[in-house]
Amino acid sequence: MTIKKYLFIPFAILGFLLLHSCLSTTTPTYSTDGHVISFSLKSDSVPALAKAVFTIDQTNGTIYNVDSLPYGTNVKQAIPVVTAYSTAGMYFNDSVYTGSDTVDFSRPVILKNYAQDGVTIRQYVVTVNVHKVDPDSITWEERTYPSYSFQTIDQKAVYFNEEVMLYVNDGSQMHLFTSTDGKSWTTQTLSGLPATVNLQQMVVYNNMLCLVENGQMMLESTDGLTWQTVAVNSSYPLVTLVSAIGTELIGIQQYNGTYYLCYSNDGTNWLTGEALTGSMANFPISDFAATSYQPTVGSSKVLVVGGINASGQIVNSIFSYMLGSSWADFSSEAALTTSSFPAIRNASLTGYNGKVLLLGGKLASNQLKDDTLLWSKSDGLFWTKADSLTMIPKPLHYVYRYKQSVVVDNNYRIWIIGGKDANDNFLKEVWVGRLNSLGFGLPPM
């Protein structure tokens, strides 16, 4: 603070008023109302301060800005602009307020205002809120994986009915664990979900969880606990589900060695679509990453990345689809090469904040992809590596992985669950991250 302390001023003013009253033939009336009626900040070097809107709580004697100033805003040399109903002297932390000196608001400051009578005091605690974290960064934390002693043959997590559901196959039966925070897990009782089904193809569709059991049978559940077998009407046997978009469920059929995309508007009746030959030959039939997401602009889309095609090759294909249109193969674009986007399998995709996040995976060389996170804001056409603001910090000892589950919950938290390490060991880990700007006003992560 650049202002000096003058604690004697209000008493001098009071003495002057008393002397004036003795000499005057009339008795003057001086206001006892010292309420502050407006408060703002200004700084020539920090224009953002002038945009801050302050609330004055007369009951509790506090002044504060509800909307925090941007991360990193310098509030150590701010000039307060204060208006009171009446004043005979105003002080910040017992230093006189002149209207032009700076005050350090990096911590709460005491504002005292002496009313016009020089005796009545109104006191406020002034707090200037500044975001403590960079809104463009992601805060990552390791959470707790459910405890069990049986072996893990396969695992898959989905976000359904406002909780994360983790399915684990021990080779002879399925197990289910649920959590809303990743800190504690509840063991649930499952029925109707056989250990022979491929968990990786589980899709959330029309308020249900869906799986292909065999060529003519589907498994469906409205609560994730109880599963029902449903016969399907399909020209060719179903092989796997791909994704869902709106009211449409997308799968893959196979007949006489040829694979086809297929579509259903109810999960029961299926229409055969494109044959996965010719220009669609690199569309994967297994080990792909797929997600349905809402871009910043335009309609919802499905993105399918990598995997193994019908010829058994690991591909670097990127297929995009939206309702009423044909599939677009971005891997044919000049922007995508094997060096910028290599052939990959068992990665994970999810939409997040209008972008697409690709995580993990195993390369054709059998090595794990060493770029922890890749982002695309062009619906999969261009990809950039995560910078220091969004990547998982190395001190957290996060290991590269593939076949992990990645989901996003209603509180904008990204969950990374399980997966396999470079030695093909299943990882019993849960990581949770959230973009700080999306967490403002929400419960702590």
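The values are calculated or read from the model by the stated rules, or taken from the named source; none is laboratory data. Bear in mind that the values here come from a model prediction, so they are computed numbers and not experimental data. Quick reminder, even Gly has a Cβ in these numbers, built from the backbone with ideal geometry, and neighbours come from all protein chains shown.
Counting the residues of the range 368-427 that are in contact with a Leu (Cβ under 8 Å, 6 or more places away or on another chain) and either outside any strand (DSSP E or B) or at positive phi (or both) gives 20. If you take the residues of the range 154-179 that are in contact (Cβ under 8 Å) with a residue 40 or more places away in the chain and assigned to a loop (DSSP other than H, G, I, E, B), which of them is nearest to Leu396 (Cα to Cα)? Across the range 154-179, the extreme among qualifying residues is Glu162.
The condition of being assigned by TED's automatic domain parsing to the domain that holds Leu349 and in contact with a strand residue (DSSP E or B) (Cβ under 7 Å, 6 or more places away or on another chain) holds for Ala310.
When the range 51-98 is filtered for residues that are in a strand (DSSP E or B), among the polar types (S, T, N, Q) and surrounded by 12 or more Cβ atoms within 10 Å (Cβ to Cβ), the ones remaining, listed by number, are Thr62, Asn65, Ser95.
Entry remark, the range 343-362: residues being at pLDDT below 95 and over 18 Å from Thr291 (Cβ atoms) number 1 in total. Would you say Trp227 is in contact (Cβ under 8 Å) with a residue 24 or more places away in the chain, buried (at least 17 other Cβ atoms within 10 Å of the Cβ) and farther than 26 Å from Asn346 by Cα? No, not satisfied. Summed over the range 37-50, residues that are in contact with a Ser or Thr (Cβ under 7 Å, 6 or more places away or on another chain) and assigned to a strand (DSSP E or B) total 2.
Could you give every pair whose Cβ atoms fall below 8 Å, whose first residue belongs to the range 110-121 and is at positive phi, and whose second residue is not in a loop (DSSP other than H, G, I, E, B), counting only separations of at least 6 or pairs across chains? Going by the 8 Å Cβ cut-off, the qualifying pairs are Gly118/Pro10; Gly118/Phe11; Gly118/Ile13; Gly118/Leu14; Gly118/Leu17; Gly118/Gly89. Entry remark, the range 382-409: residues being aliphatic (A, V, I, L, M) and under 17 Å from Phe288 (Cα atoms) number 2 in total.
The strands (runs of 3 or more DSSP E) falling completely within the range 243-347 that include 1 or more residues that are among the basic types (Lys, Arg) map to 301-305. Residues that are surrounded by 14 or more Cβ atoms within 10 Å (Cβ to Cβ), out of contact with any Phe, Trp or Tyr (no Cβ under 6 Å at 6 or more places or on another chain) and closer than 24 Å to Gly433 by Cβ: does the range 319-337 have at least one? No, the range 319-337 contains no residue that is surrounded by 14 or more Cβ atoms within 10 Å (Cβ to Cβ), out of contact with any Phe, Trp or Tyr (no Cβ under 6 Å at 6 or more places or on another chain) and closer than 24 Å to Gly433 by Cβ. Considering each of Ser331, Ser264, Ser325, Ser279 in turn, give the residue that is closer than 25 Å to Tyr400 by Cβ, among the small types (Gly, Ala, Ser) and more than 26 Å from the chain's Cα centre (by Cα). It is Ser331. Can you name every residue in the range 235-247 that is buried (at least 17 other Cβ atoms within 10 Å of the Cβ), more than 12 Å from Thr291 (Cα to Cα) and not aliphatic (A, V, I, L, M)? Those that are buried (at least 17 other Cβ atoms within 10 Å of the Cβ), more than 12 Å from Thr291 (Cα to Cα) and not aliphatic (A, V, I, L, M): Tyr236, Thr240.
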